[in-house]
Amino acid sequence: MSVSQDRPAAEGITLLQAVTEALQEEMARDPRVVLLGQDIGRKGGVFKTTVGLQEQFGPLRVLDTPIAEDVIAGAAVGAAMMGLRPVAEFQFADYIFPALDQIVSQAATVRWRSVGGWGVPAVFRAPCGAGVRGGVYHSQSVEAFFCHTPGLKVVVPATPRDAKGLLKAAIRDDDPVVFFEHKKSYRRYREIAPADEVIPLGVARLDREGRDLSIVTYGVGVHHAREAADLLASDGISVEILDLRTLIPLDHEAIARTVQKTNKVLILHEANKTMGFGAEIAAFIGEELFMDLDGPIVRVAADDCHLPYNGPEEDAIIPSPAKVADAVRRLAAF
């Protein structure tokens with residue numbers, strides 16, 4: 001029974017509902033799946049992604065924790081090593097840094113330190129992203145910190161269907177997965193998401209075919225790219241959009257296919273530009289696909305600045321469809 005069964009199936013579900021359904025269906029399928037985090041039980045989580053799950057599965061499988069992110073992550077690591085499949089929720093990605101030692105130093109290294117004898121099948125979920133006037137402690141995109149650590153998989157879905165299928169895959173994975181959900185996408189889009197679909201980690205999705213230029217992106221960037229592509233169609237510019245979906249492992253073959261097809265590439269993400277994940281994509285293209293390029297590799301990302309509450313100032317810092325369209329026009333004319 002789905003916790004969101006009260007809405008007509010034909011309307012599809014939001015990304016938030018997709019997360020809830022993935023958790024509910026995996027808990028029903030596998031009694032080893034447990035959830036832990038601050039206010040995820042009776043309250044149902046700060047964004048209501050776990051609403052109804054404690055009522056259905058009980059307080060031993062949906063555990064409310066203190067405000068102590070290192071404890072949440074450490075308990076998840078220990079539970080995973082003892083045979084459970086915990087899903088740890090952090091209220092905001094900005095809060096995950098106290099848990100960094102448990103995730104980076106412990107969860108990510110157990111497989112290596114035990115010569116394959118132990119794994120940490122845990123998922124660390126966190127809402128991320130800006131555009132909701134949350135200020136510096138509620139708006140960051142921190143995926144690059146985790147992409148730098150061997151032993152972690154990092155997932156950033158853009159659509160409800162992908163969020164559900166990828167979260168199922170993350171829960172079933174035998175090693176730790178860090179799973180980011182963009183807050184601005186939680187209730188903005190609806191999509192049909194099959195109950196039994198598990199989307200493999202490490203496989204990008206061609207979101208839109210085009211001929212003139214490729215946008216390689218993920219998360220909320222996919223929606224900015226879609227709006228920009230619609231704007232550019234009236235200019236006669238055909239844009240291809242590649243949604244990476246999983247940053248680690250990265251689908252290098254999918255990036256190569258789109259670059260070799262259009263010969264121009266723009267990399268888009270909402271995290272700060274300097275040392276953001278776009279730099280890694282650009283380095284790969286520069287090293288392996290240089291002869292396929294007909295123009296410079298262009299990055300559109302947030303300015304290297306902390307995010308303010310003030311709306312116009314925040315809009316000036318983060319990417320938007322208009323900024324993406326302007327950059328595409330310049331690159332297309334190169």
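The values are calculated or read from the model by the stated rules, or taken from the named source; none is laboratory data. From a predicted model like this one, the values you see are computed outputs, not experimental measurements. Don't worry about glycine lacking a Cβ; one is built from the backbone with ideal geometry, like all the others, and counts go over all protein chains shown. These accessible areas exclude ligands, DNA and RNA; they are computed on the full protein's heavy atoms, side chains included. Shrake-Rupley method; radii C 1.70, N 1.55, O 1.52, S 1.80 Å.
Within the assembled protein chains, the solvent-accessible surface assigned to K264 is about 20 Å², based on a 1.4 Å probe.
Shown in residue order for the range 304-314 are the 3J(HN,Hα) couplings computed by the Karplus curve 6.51 cos²θ - 1.76 cosθ + 1.60 at θ = phi - 60°: 7, 8, 5, 8, x, 6, 4, x, x, 5, 5 Hz (x for Gly and Pro). Computed over protein heavy atoms with a 1.4 Å probe, the carbon and sulfur contribution to the accessible area of the chain reaches 56%. Here the range 142-268 has an Rg and Dmax of 14.7, 47 Å, counting Cα atoms alone. For the chain, the solvent-accessible area with a 1.4 angstrom probe is 42 square angstrom per residue.
Annotation: amide H of L63 within the under-5 Å range of L35, L36, G37, sequence separation 5 or more or interchain, hydrogens built in the peptide plane. Among the listed values [x] 24.9; [y] 20.2; [z] 20.8, the one matching Kirkwood radius over Cα pairs in Å as calculated from this structure is [y].
In this view, the solvent-accessible surface of R111, computed with a 1.4 Å probe and all protein chains in place, comes to about 90 Å². For the set D39, D174, solvent exposure ranked by accessible area (probe 1.4 Å, protein chains only) runs largest to smallest as D174, D39. If a spin label sat at a point 7 angstrom from the Cα of R330 along the line to its beta carbon, the backbone N atoms of the range 288-311 nearer than 19 Å would be those of 294-305. For the chain, the number of Lys pairs separated by eight or more positions or lying on different chains, with C-alpha atoms closer than 16 Å, is 6.
Taking amide H positions as modeled 1.01 Å from N, with prolines and chain starts lacking one, the residues under 5 Å from V265 and 5 or more places away or on another chain are S214, V298. Taking amide hydrogens as placed 1.01 Å from N in the peptide plane, the amide H of V178 sits under 5 Å from those of F124, K153, V154, V155, each at least 5 positions away in sequence or on another chain.
Potential lengthening of the chain between M82 and R257 amounts to 58.8 nm, from the contour at 0.36 nm per residue minus the alpha-carbon distance. Multiplying the residue separation of A233 and W118 by 0.36 nm and subtracting their alpha-carbon distance yields 36.3 nm.
Our summary gives the range 213-305 a relative contact order of 33 percent, counting only alpha carbon pairs under 8 angstrom and 6 or more residues apart.
Keeping all protein chains in place and using 1.4 angstrom, which order do V71, V77 fall into by accessible surface area, from largest down? Don't skip to the end; give the middle numbers.
On the way: V71 80, V77 10 Å².
These residues rank, largest area first, as V71, V77.
Using a probe of 1.4 Å on the protein chains alone, the accessible area found for Y137 is around 150 Å². Within the chain, what percent of beta bridges assigned by DSSP are antiparallel, to the nearest 5? Beta bridges within the chain, antiparallel portion: roughly 15 percent. I'd like the orientation of helix 321-332 relative to the chain: the angle between its Cα long axis and the longest Cα principal axis, in ° from 0 to 90, rounded to 10. That helix lies at roughly 40 degrees to the long axis. Applying D = kT/(6 pi eta Rh) to the range 291-334, where Rh is the Kirkwood radius over alpha-carbon pairs, T corresponds to 20 °C and eta to 1.002 mPa s, the Stokes-Einstein value obtained is 177 µm²/s. The relative contact order of the chain, computed from alpha carbon pairs under 8 Å that lie at least 6 residues apart in sequence, is 16 percent.
Averaging sequence separations of C-alpha pairs under 8 Å and six or more residues apart, then dividing by the length of the range 90-156, give the relative contact order as a whole percent. Before the final figure, lay out the partial values.
Details: 70 pairs, mean separation 26.8, N = 67.
That works out to 40 percent.
Heavy-atom accessible area, probed at 1.4 angstrom with all protein chains present, ranks E25, E11, E253, E55 as E55, E253, E11, E25, highest first. Computed from Cα positions, the angle between helix 69-81 and the longest principal axis of the chain comes to roughly 70 degrees. Counting only the backbone N, which residues of the range 96-129 are under 20 Å from the spot 7 Å out from the Cα of D70 toward its beta-carbon? Hits in the range 96-129 for D70 at 20 Å: 96-110, 124-125.
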